[in-house]
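Asker: Can you keep this structure in mind? I'll have questions shortly.
The values are calculated or read from the model by the stated rules, or taken from the named source; none is laboratory data. From a predicted model like this one, the values you see are computed outputs, not experimental measurements. Methodologically, a virtual Cβ is constructed for each residue, glycine included, from the backbone with ideal geometry; neighbour enumeration extends over all protein chains shown.
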Amino acid sequence: MGGFFGAVCKDKNENCIYDVFYGTDYHSHLGTRRAGMVVYNDDKGFDRAIHNIENSPFRTKFADDVNSMSGHLGIGCISDYEPQPLMVRSHLGTYAITTVGKINNTEQLLDLVYKNGHTHFLEMSGGDINATELVAAIINQCDSIVDGIRFAQERIEGSMTLLLMTNKGIYAARDKLGRTPVALGKKEDGSGRCISFESFAYLNLGYVHDRELGPGEIVFVDADGAETVSRPGRKMKICSFLWVYYGYPCSSYEGVSVEQMRYNCGEMLAKRDDVKPDLVAGVPDSGTAHAIGYSNYSKIPFSRPFIKYTPTWPRSFMPVNQSQRNRIAKMKLIPVVDLIKDKSLLMIDDSIVRGTQLRETTEFLYNSGAKEVHIRPACPPLLYGCKYLNFSRSTSEMELITRRIIAAREGENITDEVLRSYADPDSRNYKEMLEEISRQLNFTSLRYHRLDDMIESIGIAPDCLCTYCWSGRE
């Protein structure tokens, strides 16, 4: 998916690079491929560094840069796909830009910018266009940066949240429907401000929480404060999966704590369950809080029958190749055999996508002596590929285990009506799909979190949440 962090010092003689460095590093759980930072000061102008972080974490790759870069303005990003932030020079001036989102109408937007005189784009490996460069080209169609951001948000199909830094300050724009978050922080003594994807990223850097941007809102942050230059819209569709999986436990979105939501989720899973395992555990790391919530309610002991080894394998050190990712994911998990042998285990994972890793985890538990392995995903079955965010590396909906099973049962021409019958937890199709998933992945039993329970676990208005990947409804 990706994340970002920006900082502004009130005093131009102050240096924000360390805040940008650490604030960006706190987003390392959101991306695994590229990262970058840009700073600005009046003496040297813009200074940028971009590195590949596939084989080494952010802090290691940027350790030298942070000691040589200096500025009173700065932005940084973690990216899962394109290199960024980019430096752009246009009739709007010189600026740095970084984005989080997904563009589904790239060819249409390319036609727009070519028609209006844009001559070329630099291709990335594989022939793809850098989405951030395309966003900048769309912004440059207008006579001001604010109008350009609005113009881009109106025409991009998918989602787009961004930071854009000039020599005067930083524009922060949340996606039109608020699918991803933007939080503002401020120094209590008034010496600086920051903008962050994750709300926890600035808490240890001397900032306190100010507020969250509304959907589609654009603010300009400079030495004088944060000014709304385009008001938020009324409609919001924030991604529910942020709470279930992607968000860091310390974060909150729309005032709802990620960790607390996961406790709520585990409690509601327990309320609908009737199995009596010896212990409850979470597939680390995102399943852990859900399992604690389940254990707290059910009174079944919480335990850690395996531990993720992260000293040399943090999340940012994950190969792009899926088979290698599966191998590394498996190698990270170290069993605690005394907590597994002859035990009935109930495992909570954030979700089941392809099923490959969870099948291997289950086999790993059986090989370590487990008697039973009950699986409880913390969200409903994933039936649709996300159209709005790059939260999965799946290139086709047929990579989803649910869709493969449905195709085997229904044939290739699957209607939305048929899919919705498989999304209904009270339908026969849903129950038989779960039975087949459980059989293929060798679970003792399988029960998913219901969509209505998941929405209640979050606790904000259902029409403010995007649940497309489970329901198929926008």
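Asker: Given the conditions (1) assigned to a helix (DSSP H, G or I); (2) surrounded by fewer than 20 Cβ atoms within 10 Å (Cβ to Cβ), which single one is not true for Asp274?
Answerer: (1)
Asker: Something else about it: Please indicate, with yes or no, whether at least one residue in the stretch 447-459 is surrounded by fewer than 21 Cβ atoms within 10 Å (Cβ to Cβ), closer than 15 Å to Asp349 by Cβ and more than 28 Å from the chain's Cα centre (by Cα).
Answerer: no
Asker: Could you please let me know if Glu417 is at pLDDT below 95 and more than 26 Å from the chain's Cα centre (by Cα)?
Answerer: Yes, satisfied.
Asker: Restricting the stretch 344-382 to residues that are in a loop (DSSP other than H, G, I, E, B) and of a type in the set (S, T, N, Q), which is surrounded by the fewest Cβ atoms within 10 Å (Cβ to Cβ)? Spell out the reasoning first.
Answerer: Step one: of the stretch 344-382, the residues in a loop (DSSP other than H, G, I, E, B) are 349-355, 368-371, 376-382.
Adding the requirement that they be of a type in the set (S, T, N, Q) leaves 351, 368.
Working: Ser351: 21, Ser368: 17.
Looking at the filtered set, the residue picked out is Ser368.
Matching residues to (1) within 21 Å of the chain's Cα centre (by Cα); (2) outside the structural domain of His72 (by TED's automatic domain parsing); (3) in a helix (DSSP H, G or I):
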| residue | (1), (2), (3) |
| --- | --- |
| Leu163 | yes, no, no |
| Asn167 | no, no, no |
| Arg179 | yes, no, no |
| Gly190 | no, no, no |
| Arg193 | no, no, no |
| Phe200 | yes, no, no |
| Val221 | no, no, no |
| Thr228 | no, no, no |
| Tyr245 | yes, yes, yes |
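Asker: Go over the candidates Lys330, Lys341 one by one and state the one that is farther than 18 Å from Leu30 by Cα, surrounded by fewer than 17 Cβ atoms within 10 Å (Cβ to Cβ) and at pLDDT 90 or above.
Answerer: On the way: Lys330 fails: at pLDDT 90 or above.
Every option except Lys341 fails the conditions.
Asker: Also, I was wondering about something else. For the stretch 230-243, which positions are closer than 27 Å to Asp285 by Cβ and either assigned to a helix (DSSP H, G or I) or without any contact (Cβ under 8 Å) to a residue 40 or more places away in the chain (or both)? Let's see the steps before the verdict.
Answerer: Pass one, the stretch 230-243, residues closer than 27 Å to Asp285 by Cβ: 237-243.
Passing the criteria: Phe241, Leu242, Trp243.
Asker: In addition: If only one of Arg403, Arg420 is surrounded by fewer than 17 Cβ atoms within 10 Å (Cβ to Cβ) and more than 30 Å from Leu279 (Cα to Cα), which one is it? Even if it seems obvious, please write down each step before you answer.
Answerer: Working: Arg403 fails: surrounded by fewer than 17 Cβ atoms within 10 Å (Cβ to Cβ).
Result of the check over Arg403, Arg420: Arg420.
Asker: Right, another one. Which of the residues that make up the stretch 139-161 are part of a helix (DSSP H, G or I), crowded, with 24+ Cβ neighbours inside 10 Å and either in contact with a helix residue (DSSP H, G or I) (Cβ under 6 Å, 6 or more places away or on another chain) or among the aliphatic types (A, V, I, L, M) (or both)?
Answerer: Let us first name the residues in the stretch 139-161 that are part of a helix (DSSP H, G or I), namely 139, 145-155.
Filter once more, so that each one left must be crowded, with 24+ Cβ neighbours inside 10 Å: 139, 149, 152-153.
Answer for the stretch 139-161, where residues must be part of a helix (DSSP H, G or I), crowded, with 24+ Cβ neighbours inside 10 Å and either in contact with a helix residue (DSSP H, G or I) (Cβ under 6 Å, 6 or more places away or on another chain) or among the aliphatic types (A, V, I, L, M) (or both): Ile139, Ile149, Ala152.
Asker: Please work out if Phe58 is assigned by TED's automatic domain parsing to the domain that holds Thr161, of a type in the set (Phe, Trp, Tyr) and either closer than 19 Å to Asn41 by Cα or at pLDDT 95 or above (or both).
Answerer: Working: assigned by TED's automatic domain parsing to the domain that holds Thr161: yes; of a type in the set (Phe, Trp, Tyr): yes; either closer than 19 Å to Asn41 by Cα or at pLDDT 95 or above (or both): no.
The answer is no for Phe58.
Asker: Take the residues in the stretch 159-178 that are in contact with a Lys or Arg (Cβ under 6 Å, 6 or more places away or on another chain) and of a type outside the set (A, V, I, L, M, F, W, C); name whichever of them is nearest to Ile103 (Cα to Cα).
Answerer: Of the stretch 159-178, the ones in contact with a Lys or Arg (Cβ under 6 Å, 6 or more places away or on another chain) are 159, 161, 177.
If we keep only those that are of a type outside the set (A, V, I, L, M, F, W, C) too, we end up with 159, 161.
Values: Ser159: 7, Thr161: 11 Å.
For the stretch 159-178, the residue satisfying everything is Ser159.
Asker: Given the residues Val275, Val280, Val258, which is the only one that is among the aliphatic types (A, V, I, L, M) and within 16 Å of the chain's Cα centre (by Cα)? Give the derivation first.
Answerer: Numbers: Val275 fails: within 16 Å of the chain's Cα centre (by Cα); Val280 fails: within 16 Å of the chain's Cα centre (by Cα).
So the residue among Val275, Val280, Val258 that is among the aliphatic types (A, V, I, L, M) and within 16 Å of the chain's Cα centre (by Cα) is Val258.
Asker: Taking only pairs six or more apart or across chains, which ones have beta-carbon atoms under 9 Å, a first residue in the stretch 106-122 that is assigned by TED's automatic domain parsing to the domain that holds Ile139, and a second residue that is of a type in the set (D, E, K, R)?
Answerer: Listed by first residue and then by second, the contacts come to Thr106/Asp128; Gln108/Arg155; Gln108/Glu157; Leu109/Arg155; Leu109/Glu157; Leu112/Arg155; Phe121/Glu133; Leu122/Glu133.
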